[in-house]
1. Answer rounded, prolate or oblate for segment 109-175, using the Cα gyration tensor with square roots of eigenvalues a ≥ b ≥ c: rounded when a/c is under 1.5, else prolate when a/b is larger than b/c, else oblate.
2. Could you calculate the FRET efficiency of Asp70 with Ser198 from 1/(1 + (r/R0)^6), where r is the beta carbon distance between them and R0 is 30 Å, rounded to 0.05?
3. Helix-only estimate, please: 222 nm mean residue ellipticity of the chain, summing -39500 (n - 2.57) across DSSP H runs of length 4 or more and dividing by its residues, to the nearest 500.
4. Report for the chain the percent antiparallel among DSSP-assigned beta bridges with both residues inside it, nearest 5.
5. Once the Cα atoms of segment 101-214 are picked out, what are the Rg and Dmax in Å?
6. About the Cα centre of segment 163-214, what is the dipole size in debye to 20, counting +1 per Lys and Arg Cβ and -1 per Asp and Glu Cβ, all else neutral?
7. Considering the zone a paramagnetic label at Arg40 would reach in this model (a point 7 Å from Cα along the Cα-to-Cβ line), which residues of segment 198-212 have amide N under 19 Å from it?
8. Among Ala184, Pro11, Asn60, whose Cα projects farthest towards the positive end of the dipole of the chain, with charges put on the beta-carbon of Lys, Arg (+1) and Asp, Glu (-1)?
Amino acid sequence: MMIKPYLYESPKSKVDAERAVFVLPEIYGLNDFSRTVADRAAETFGVVGVALDHFYAVTNESSSNLTYQDHEQGSAIAGQMTGEAYLRLLDEAITEVQAKHPSVKYVTIIGFCFGGKLAYLSGVDKRVDRIVAFYGGGSTQPDFYKGESSINALAAARHGDLGLKVLAIWGEQDDFIPESDRQAIHEALTAVDIPVQSRTYPAGHAFFNHDRAD
């Protein structure tokens, strides 16, 4: 079910839930996998489950037609994204969900790959109190939001906020994300007293996505 062109809301959502879970896709747009994660979150945890088409911040149109073969197109759109444009879309999306579900007080962001990078940045919005980033590549790259990386922007906005919880999930065989980046992310958040846990699994990139045969 769509609320706005950039939002999918799971039909399994709990109408009077206090928490909404937003799923941020990889660079392949709002696809079946991201919608399935929103469905599973809604059904398992009794929340409002939504998937956010973050590419809408760049294109102003749905990216649900992208496939796993459209790597170049997805990469090109991701390359045009700015943190400012994304946070404007996230603000609108959270406001939209809260308008439909006034009981929602808390927001969890779950992001995959490029969506993981955006998941960290999402914490700049203080309505977000839980972040789960799966292999959030590029999160330490500068000049994404107000001259800062996603992770430094999060650290600056939420330093000392013990109410924010961050879970970073990695594949130790992921050729796209060096161990130094994983350590830098953990250290940057720990340095400003943001509670963070890191979990590393013996796997490559995108290992959580059962639709990715590679």
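1. Oblate, because a/c is 1.5 or more while a/b does not exceed b/c.
2. For Asp70 and Ser198, the calculated efficiency is 0.45.
3. Value at 222 nm, helices only: -11000 deg cm²/dmol.
4. Rounded to the nearest five, the antiparallel share is 15 percent.
5. Values for segment 101-214 (Cα only, Rg and Dmax): 13.8, 43 Å.
6. Its charge dipole is roughly 240 debye.
7. The answer is 199-212.
8. With unit charges placed on the Cβ atoms, the residue in question is Pro11.
The values are calculated or read from the model by the stated rules, or taken from the named source; none is laboratory data. These numbers come from a predicted model, not from an experiment. Note: ideal-geometry Cβ built from the backbone for every residue, glycine included; neighbour counts use all protein chains shown. Just the protein is used for accessible areas: all its heavy atoms, side chains included, with ligands, DNA and RNA removed. Shrake-Rupley method; radii C 1.70, N 1.55, O 1.52, S 1.80 Å.
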